[in-house]
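Below is one structure, written out as structure tokens, with a few remarks after it.
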């Protein structure tokens with residue numbers, strides 16, 4: 001029998017606070033932890049259970065249990081079992097078991113949660129869950145529309161009579177997902193529906209598709225199929241939807257499309273060239289190309305394709321025809337061109353093969369002025385490097401926030417599940433206290449995320465010239481009660497005429513965080529003191545905030561001091577996001593935040609404000 005992993009045991013200490021009789025086992029059905037009431041019900045202790053399997057713990061369990069436990073490990077929820085008493089002191093009662101998957105903060109199943117309650121045999125309550133059933137035996141009131149339902153667990157597909165009529169099958173036809181997919185006329189339509197069903201089950205995404213099917217008699221028609229997944233406890237248990245015969249509407253639409261001629265391209269904003277595929281002669285252009293180049297239509301029409309570009313590489317060997325690939329599309333290319341007024345343009349050409357109403361092949365070329373895009377690309381390349389580092393930071397922050405949110409969600413889900421099924425008043429009160437604690441922790445996580453998003457939203461707001469001492473004064477007034485309570489002395493050596501280019505709200509936020517940290521992590525053996533001073537360099541105005549607090553072990557925390565959720569002291573005063581947010585606020589103002597510190601001596605944080 002394998003030993004219970006230490007990390008599972010540690011992460012399950014919350015069970016000891018629960019009033020219900022609950023047992024936790026891992027995926028191999030070995031003991032992990034148990035609530036006090038479970039131990040009391042079965043007359044066992046934690047020591048008795050170490051390294052024991054569920055079969056060893058409760059030998060009287062029947063053979064069906066292993067199958068049901070495996071279902072839970074695979075994701076089945078709310079598996080209920082009613083057994084005769086398995087203990088001598090509950091002979092007049094049945095035991096009602098409630099089995100559910102046990103998941104970690106990432107949603108990975110790590111075991112099974114077994115909750116047990118005693119129910120009197122003489123007054124046994126009905127425990128089976130009631131399921132809503134949709135009657136699909138009647139036709140929909142709408143013409144040519146039918147309804148259907150698919151039950152995921154049993155893989156049972158049910159069609160109404162209207163759906164069977166649309167698919168052209170008999171009333172006694174028994175559909176399955178595999179049979180339904182075979183009706184779709186093309187491999188692409190079949191793939192579309194297969195992916196739609198899979199996405200609905202795994203991600204909850206509904207679908208609304210117009211596709212072609214082949215009826216049972218071989219006739220092809222168009223249908224509009226709609227599917228809506230229904231979830232319970234985070235798992236898709238059924239999909240409901242409709243099928244509508246839209247063949248007449250769809251055919252009308254296709255007929256209209258076939259009547260469209262080349263004149264439609266005159267309404268496009270980009271330039272358009274129509275070239276005869278066989279001769280390579282330009283037969284038409286739109287007005288937008290004339291406006292873009294400054295040349296009238298007769299400059300182009302009747303000439304060989306692309307000769308107006310005067311580019312030998314493009315003219316050789318009928319460039320357009322010979323770049324035609326197997327799917328009758330062309331490579332996109334760009335080249336320079338001088339307009340009639342002498343303006344140098346960078347034009348992008350995109351080509352495709354089309355057929356006119358007589359069945360003749362033509363080359364459709366769209367022409368776009370991408371001159372401005374060239375400059376944008378240069379700026380983009382310059383900005384990409386700075387974005388890479390920020391994206392790495394974003395990914396790390398998102399990962400850590402996601403981990404925290406998943407952990408909170410797991411706690412909420414478990415506690416709410418227990419609260420829903422618990423009837424005792426004192427037990428419900430205990431669960432409510434635990435829920436409020438989890439709520440406060442979740443609120444702090446969301447607050448940090450909201451503040452981080454606010455920084456990114458204000459990043460492009462221009463800095464303005466402000467008085468540094470005025471910002472310091474505002475922050476001191478906001479912290480006046482904490483400063484007095486902790487008897488903190490502030491020595492301000494900043495000259496009155498010092499101004500910085502910054503966002504006032506960000507400056508005060510960073511100052512508040514630095515001063516608040518100096519107060520929170522003061523050295524209890526010293527009278528707390530904070531010194532503010534300024535250093536002027538060629539590129540920056542540097543504000544130093546020096547304290548004589550307990551300091552930071554920079555060998556241990558220096559590399560990750562400004563990373564999210566880094567805490568340097570063993571107390572509840574820090575959530576580990578303040579310095580992370582302050583660093584981002586400084587960078588949003590084109591500045592930076594640095595720190596030096598000695599353990600038990602104090603810290604100095606430097607705010608570098610850019611002068612330009």
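Derivation of every value follows stated rules applied to the coordinates shown; laboratory data play no part. On a predicted model such as this, the values are computed, not experimentally measured, just so you know. Don't worry about glycine lacking a Cβ; one is built from the backbone with ideal geometry, like all the others, and counts go over all protein chains shown.
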**Computed lengthening from residue 307 to residue 178, 0.36 nm per intervening residue step minus Cα-Cα distance** = 40.9 nm
**Request:** For region 456-546, just the Cα atoms, rotate onto the principal axes and tell me the three extents in Å, largest first.
**Result:** 43, 29, 18
**Prompt:** With labels modelled as points extended 7 Å from the Cα through the Cβ direction, what inter-label distance (nm, one decimal) is found for residue 372 paired with residue 425?
**Reply:** 7.1 nm
**Request:** Treat each spin label as a single point 7 Å out from the Cα along the C-beta direction, and report the residue 484 to residue 526 distance in nm.
**Result:** 2.6 nm
**Asked** Between residue 364 and residue 151, what FRET efficiency follows from the Cβ-Cβ distance if R0 is 41 Å, with the result rounded to 0.05?
**Response** 0.25
**Request:** Take the Cα pairs of region 145-253, get the Kirkwood Rh, then feed it into Stokes-Einstein at 20 °C and 1.002 mPa s and tell me D in µm²/s.
**Result:** 152 µm²/s
**Message:** Ranking request for peptides 422-429, 107-114: highest mean number of other beta-carbon atoms within 10 Å first, then the rest in descending order.
**Reply:** 107-114, 422-429
**Asked** To the nearest 0.05, what FRET efficiency results for residue 45 and residue 494 with a Förster distance of 56 Å applied to their C-beta separation?
**Response** 0.30
**Asked** Working out 0.36 nm times the residue gap between residue 336 and residue 104, then minus their Cα-Cα distance, what length gain in nm do you get to one decimal?
**Response** 77.7 nm
**Message:** For a Förster distance of 35 Å, can you work out the FRET efficiency between the beta-carbons of residue 539 and residue 231, rounded to the nearest 0.05?
**Reply:** 0.05
**Fill in**
Here, residue 477 and residue 352, labelled 7 Å along Cα→Cβ, have an inter-label distance in nm of 6.4 nm
**Prompt:** Ranked highest first by average number of other Cβ atoms within 10 Å, how do 167-173, 207-213 line up?
**Reply:** 207-213, 167-173
**Prompt:** Order of 146-159, 500-513 by packing, highest average Cβ count within 10 Å first?
**Reply:** 500-513, 146-159
